[in-house]
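The values are calculated or read from the model by the stated rules, or taken from the named source; none is laboratory data. Please read these numbers as outputs of a predicted model, since none were measured by experiment. Cβ placement follows ideal geometry from the backbone for every residue including glycine, while neighbour counts extend to all protein chains displayed. For the accessible areas, the whole protein counts, side chains as well, though only heavy atoms, and no ligand, DNA or RNA atoms are used. Shrake-Rupley method; radii C 1.70, N 1.55, O 1.52, S 1.80 Å.
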Amino acid sequence: MPDTPFIDDGSNLPLSELRWPDDDLTRIPDWIYTSEEVFQRERERIFFGETWCFVALEAEVPDPGSFKRSYVGDVPVIVSRDEDGEIHVFENRCAHRGVEFCRELRGKAENFTCPYHQWMYDLKGELMAVPFRRGDRGEGGMPKNFKLEEHNPKKLNVTTRHGVVFASFSDSVESLEEYLGPDNLEQFDVVFAGRKLKILGFYKNRLQGNWKLYHENLKDPYHATLLHVYLATFRLMVAGQKSAMICDESGRHSTMASTKDDDMVITEETASQMKAAFREGMELHDPEFLKYVEEFDSPWTVTMQIIWPNLIVQRELNTLGIRHIVPRGPHALDMYWTMFGYDDDTPEMDKHRLKQANLMGPSGYLGVDDNEAIKFLQDGFKHSYSDEGIVKLEPEKEGSTQTLISEASVRALYRHYREVMDI
Amino acid sequence: MATNLSPDEARALRFDIEEFNTEYARILDAQDINAWPDFFTGDGFYRITGRENYDAGLTIGLVWCEGRPMMQDRAAAVKTTMVHAPRYLRHYNSNVRVIDVDADGTIHSESNYLVVETLMEEETRIFQAGLYIDEFVREDGALLLKARDCIYDSLLIPNDMVYPV
């Protein structure tokens, strides 16, 4: 039985009639999470617009001929490495009839052949052969002026930095370095410092919520201290700890950073504000689990970086991973996780990362909380009498901040979003 | 059927494993999560991972526990710290296949599992289909898991996975 919500938050109106409440960034209308028309415009202006979208880690396509299926927005693309080692990104759609021809998640190939009529593409995504192009015994076949080079799948612009591959439909997008801005580039380079990566594995889950909720989640440090009982209980992130929300100038990218402090005294007042989020006295049977092995040139023990519009770089103690957002209409998103370490990790470090991976992912001690909260949010938007939410914490700021008790970077995101979307 | 066992021995062993799995499923259905680590040896290993990882020899787990203390910590997290909507889960286990028994008595076996999930106001759905790859040992005559690798086919997990399988 499909969920057919009755939505009366304005999302059924044409986009031209939707108005942000009083142009007030402290109020967020529900229709940005529920409207099909908003989602269509997001595809055009954000995912196909002036952005760099994550598509792969180079370690996933290590050799000539390596490829993976990926997505830009919800559009399936192929990421491949050609004979010369160069990476290409092109739409996973046959130029003939539109077949999504590459069905393997990843692998190695000399070329790609569409199964329907055997059109063949090389590793650069260029059409190499069309069967019976000249017809059969003088009959049929393509027109005489048919040119292979005019029928390639749509190719995307590609850029890489320290082993991370981004693609863009835009020919006029700025360089990745300019796109990220200096502060978020610096945070990106902590995890991706040029050390060769080792892929530890993959997860995928479908979240029952709008894709922007994941951005908000990582721009909302307030929730980290309250929803995530595990973080507070084991002092991974507690109000009062050294922390920061580092935003770029545009407000679209950010890094939530914090430093674990085992000696920090949690005052009675903090404990009482956290209410249910703090389990006094709970201890681990395996205390080694939360050990932090220093390996980064950074004062932070956790950084959660979100790069607009589809990449999260996760560094929680020694567990590292990226999350790739694939929006699935207004009401769902797919999350593609790639967990990794570094190629020169010792067997002990390998094991430490595998153990700490329990923190994150679709079964993570922290991961589960967020996935559930995002579904609860979307449920709230789908079936409601009321039709807006508020983000008022730390009203004097917009963007970067030093306190966890803030929504300043959520507001910064929506200033940028409204400009791009013209809503 | 295991090559180094007589048909009767293999049949008896399969029945023992089915009994074990029935009880294992019962405590998971009851969400008696604190009882779950007791199905393993003290140094037991438990992992849940997608078939794409298993087939590629990748080592990550959605859940990755080495030793009963780590399993106790996961049980405590599920019970105490992880925030999630209430749900019913039902576990089905079948096709138990005894593969081999080592000289030291370690039993290698496999079986299929299926988990059906019901959220309170939603339709019941198949949550996960997968394969247990197991190593059992006997302690005081009773079977215990030395290792259980849960390899799921259902790569796209619906929302999240709170409980072990």
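Screening segment A:240-266 for residues that are modelled with pLDDT of 95 or more and in a loop (DSSP other than H, G, I, E, B) and picking the one that is surrounded by the most Cβ atoms within 10 Å (Cβ to Cβ) gives A:His253.
Evaluate the following for A:Tyr230: is it of a type in the set (Phe, Trp, Tyr), within 7 Å of another protein chain (Cβ to nearest Cβ) and farther than 18 Å from A:Asp30 by Cα? Against the criterion (of a type in the set (Phe, Trp, Tyr), within 7 Å of another protein chain (Cβ to nearest Cβ) and farther than 18 Å from A:Asp30 by Cα), A:Tyr230 qualifies.
A:Met237 - would you say it is of a type in the set (A, V, I, L, M, F, W, C), more than 14 Å from every other protein chain (Cβ to nearest Cβ) and crowded, with 22+ Cβ neighbours inside 10 Å?
no
For segment B:78-91, the criterion of a residue being open to solvent by 30 Å² or more (accessible area, probe 1.4 Å), away from chain A (no Cβ under 14 Å) and among the charged types (D, E, K, R) is satisfied by at least one position.
I'm trying to understand the selection: among the residues of segment A:119-138, which are hydrophobic (A, V, I, L, M, F, W, C) and surrounded by 13 or more Cβ atoms within 10 Å (Cβ to Cβ)?
Passing the criteria: A:Trp119, A:Met120, A:Leu123, A:Leu127, A:Met128, A:Ala129, A:Val130.
All of (1) touching a strand residue (DSSP E or B) at 6+ places or on another chain (Cβ under 8 Å); (2) closer than 21 Å to A:Glu58 by Cα; (3) open to solvent by 30 Å² or more (accessible area, probe 1.4 Å); (4) part of a loop (DSSP other than H, G, I, E, B) hold for A:Asn152 with one exception: (2). In this structure, B:Asp55 does not qualify as open to solvent by 30 Å² or more (accessible area, probe 1.4 Å), away from chain A (no Cβ under 14 Å) and either touching a Leu at 6+ places or on another chain (Cβ under 6 Å) or not small (Gly, Ala, Ser) (or both).
Residues checked against (1) among the small types (Gly, Ala, Ser); (2) within 11 Å of chain B (Cβ to nearest Cβ); (3) touching a Lys or Arg at 6+ places or on another chain (Cβ under 6 Å):
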position	(1), (2), (3)
A:Asp344	no, no, no
A:Asp350	no, yes, no
A:Lys355	no, yes, no
A:Met360	no, yes, no
A:Ser363	yes, yes, no
A:Asp370	no, yes, no
A:Lys375	no, yes, no
A:Asp379	no, yes, no
A:Ser384	yes, no, no
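A:Tyr116 meets each of the listed conditions (1) in contact (Cβ under 8 Å) with a residue 24 or more places away in the chain; (2) open to solvent by 50 Å² or more (accessible area, probe 1.4 Å); (3) among the hydroxyl-bearing types (Ser, Thr, Tyr) apart from (1). Among all positions in segment B:110-130, there is no residue which is crowded, with 19+ Cβ neighbours inside 10 Å and over 20 Å from B:Asp29 (Cα atoms).
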